[in-house]
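The values are calculated or read from the model by the stated rules, or taken from the named source; none is laboratory data. Treat the numbers as computed from the prediction; the structure is a model and nothing was measured. When we count neighbours, we look across all protein chains shown, and the Cβ atoms used for this are built from the backbone with ideal geometry, even at glycine.
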Amino acid sequence: LRAEGAHIVEIDLGDDYASIVERSTWRIFFHETMDAVADFLRNNDVPVAFEAILRDLKPGLREAWEHMVLPSGAGFSPAESERAIAVDRPEIRRRYDAAFAGGHIDALLFPTTPTTAPPAWASDCLSSSSS
């Protein structure tokens with residue numbers, strides 16, 4: 001990026017940023033997985049059910065999904081997921097908004113994540129960086 005003329009700067013998103021993201025990302029990801037997969041299959045006319053995909057996962061992954069993704073799983077926690085959605089996600093967005101507020105930052109670069117950003121985040125980032 002530098003070779004193409006980008007000016008790279010580090011920004012501080014807070015000492016607790018990594019722990020908030022780690023806690024909330026996985027909670028939200030697991031909480032939304034079953035519905036997201038089922039919706040994808042239905043919307044794309046894929047002739048298979050979520051249960052068949054779950055059944056055919058490699059054993060370690062299937063056990064993790066049974067524990068965290070299925071509402072009957074011991075690790076599935078609607079309360080923790082709702083906290084991540086209602087408290088952590090808005091806090092992360094507030095910090096991103098603050099990073100873009102000065103008009104000097106056009107993009108944030110992070111390591112890869114287990115899922116793509118929801119469309120609302122992508123459009124928010126684009127509108128924030130173009131203002």
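The criterion of at least 1 residues that are in contact (Cβ under 8 Å) with a residue 24 or more places away in the chain and within 14 Å of the chain's Cα centre (by Cα) is met by the following helices (runs of 4 or more DSSP H) wholly inside segment 1-97: 17-43, 78-83. Inclusion of E82 among residues that are surrounded by 11 or more Cβ atoms within 10 Å (Cβ to Cβ) and at pLDDT 95 or above is not warranted. Within segment 96-107, is even one residue surrounded by 13 or more Cβ atoms within 10 Å (Cβ to Cβ) and closer than 20 Å to F29 by Cα? Among the residues of segment 96-107, at least one is surrounded by 13 or more Cβ atoms within 10 Å (Cβ to Cβ) and closer than 20 Å to F29 by Cα, which makes the answer yes.
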